[in-house]
Amino acid sequence: PDGPGGMDDLVGESARGTWRLVIGDNRATATPPGMLERWTLHLTADRALECSPLACPDPRPAAVAPTMTVEKSGGDLVFAWQAVAGAAGYHLLEETDPAFASPRLAGRTEGATTLTLAGAAGAGGSAIVHFLVRGTNTCRWEGP
């Protein structure tokens with residue numbers, strides 16, 4: 001809430017709109033400032049939600065051919081792949097499970113077919129990490 005009150009004051013209100021987190025350090029102390037690395041807002045519905053799915057004017061791109069190469073350059077990993085017609089960008093996904101049950105976004109490009117992950121060489125320790133690249137349309141919807 002903007003001003004005094006708590007999140008409980010918003011029960012029954014619409015969740016639609018723009019959510020913004022504002023953090024301020026209003027303590028004049030010798031304590032050094034901190035850094036927020038991530039935050040999540042979990043909404044719980046007490047009734048059925050009205051849903052208007054988003055539309056995208058562009059189709060999802062086709063699958064990227066399985067020709068991705070990875071080269072080690074110092075401590076970095078450099079990925080390269082073939083372009084896909086209709087792709088506005090690419091997502092590079094990583095996962096320890098070869099079935100990609102819960103992939104993590106390792107990086108993205110806005111059309112480039114190469115991506116460098118700084119410091120990634122050796123960052124995985126002894127775990128085997130699998131990578132997959134997917135084309136994205138202008139709405140960042142991934143292809144297969």
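The values are calculated or read from the model by the stated rules, or taken from the named source; none is laboratory data. Remember, predicted model here, so these are calculated numbers, not experimental data. Methodologically, a virtual Cβ is constructed for each residue, glycine included, from the backbone with ideal geometry; neighbour enumeration extends over all protein chains shown. Ligands, DNA and RNA are excluded from the accessible area calculation, which covers all protein heavy atoms including side chains. Shrake-Rupley method; radii C 1.70, N 1.55, O 1.52, S 1.80 Å.
The table below lists the values:
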quantity	calculated
Additional length obtainable on full extension of the chain from Ala63 to Asn26, 0.36 nm per residue less Cα span	8.3 nm
Binned Cα-Cα distances of the stretch 79-144, short to long, each 5 Å bin given as a whole percent	4, 17, 27, 24, 16, 9, 3, 0
Å² of accessible area per residue within the stretch 10-144, as computed with a 1.4 Å probe and no ligands counted	76
Whole-Hz ³J(HN,Hα) from phi, Karplus 6.51 cos²θ - 1.76 cosθ + 1.60, for the stretch 13-22, glycine and proline x	8, 6, 8, 5, x, 9, 9, 9, 9, 10
Relative contact order [Cα under 8 Å, 6+ residues apart], the chain, whole percent	24
Gaussian network model of the chain, springs between alpha carbon atoms under 10 Å - residue of Gly89, Gly17, Gly74 with greatest fluctuation	Gly17
Highest-fluctuation residue, Glu71, Glu110, Glu13 considered, GNM on the chain with Cα pairs under 10 Å	Glu13
For the chain, the spread of Cα positions along each principal axis, largest first, Å	56, 48, 26
Share of carbon and sulfur in the accessible heavy-atom surface of the stretch 55-135 [1.4 Å probe, %]	54
Other-chain or far-sequence residues with amide H under 5 Å of Thr96's (modelled H)	His130
Cβ-derived FRET efficiency at R0 25 Å, His42 paired with Thr96, nearest 0.05	0.45
Extreme residue, positive dipole direction of the chain, given options Gly34, Thr138, Ile23 (C-beta unit charges)	Thr138
